[in-house]
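Any read-out appearing in this document is the output of simple, stated calculations on the displayed coordinates, not a laboratory observation. Note that the coordinates shown come from a computational prediction; the quantities given were computed from them, not determined experimentally. FYI the Cβ positions are ideal-geometry reconstructions off the backbone, even for glycines, and counts take in every protein chain you see.
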Amino acid sequence: MLLPLGALLLGASPIASLELDIQKLRSAKGQLRICLTARAESFPDCKDARGMSRSVPATQTRIQFDGLPPGDYAAAIIHDENGNHKLDKLMGIPREGFGFSRNPVIRFGPPSFAAARFTLDGTTKPQQVRMQYLL
């Protein structure tokens, strides 16, 4: 006996998709390094196996994440213009661009997870992230 598709999906974990729309890049050089996490302890650097890291060319300003469980997330983006896999700093001040979901005000250091947090569900609109450059 064949079960209807709805019966097969009953009890399956719901999934969602996220699109990040990166804005105000200074140049198309280098890479965008993206951290997407649902854990405050992993934000903003994804130093946790549960955080998702992705690197894409800086020419790709729309990044899609599929198959995510619904919930709260935060994203951090670095514009690694010289391709050395890190955020270059001069006396503690970033020399390359950075951005965060929800575009929180930056004071001293990165924002908290709560300041960058957004809820991902089936109706989530693209998250626009404005890049910032201090030097």
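Using the number of other C-beta atoms within 10 angstrom as an exposure proxy, rank Asp21, Asp121 with the fewest first. Can you show the working numbers first?
Values: Asp21 13, Asp121 9.
Going from sparsest to densest Cβ surroundings: Asp121, Asp21.
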(request) Mind listing the long-range amide H neighbours of Asp72? Cut-off is under 5 Å, sequence gap 5 or more, other chains count too, H placed in the peptide plane at 1.01 Å from N. (result) Leu120
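Before anything else, pin down the relative contact order of the chain: Cα pairs under 8 Å, at least 6 apart, normalised by residue count, whole percent. Don't jump to the answer; show the numbers that get you there.
Details: 283 pairs, mean separation 42.8, N = 135.
Relative contact order for the chain comes out at 32 percent.
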(message) What distance in nm separates the two pseudo spin-label positions at Glu19 and Asn82, each 7 Å out from Cα along the beta-carbon direction?
(response) 3.5 nm
(message) In 10 Å bins starting at zero, report the fraction of Cα pairs in segment 16-130 per bin as a rounded %.
(response) 14, 49, 32, 4, 0
(request) List, in order, the whole-Hz ³J(HN,Hα) value for each residue of segment 114-119 obtained from phi through the Karplus relation with A = 6.51, B = -1.76, C = 1.60 and θ = phi - 60°; use x for Gly and Pro. (result) 4, 6, 9, 5, 9, 9
(message) Give me a comma-separated list of calculated 3J(HN,Hα) values for segment 65-79, in order, Karplus coefficients 6.51, -1.76, 1.60 applied at θ = phi - 60°, integers in Hz, x for any Gly or Pro.
(response) 10, 10, x, 8, x, x, x, 8, 9, 9, 10, 10, 10, 10, 9
(request) Give a residue-ordered list of calculated ³J(HN,Hα) values for segment 44-52 (Karplus: 6.51 cos²θ - 1.76 cosθ + 1.60, θ = phi - 60°; whole Hz; x for Gly, Pro). (result) x, 9, 6, 7, 8, 4, 7, x, 10
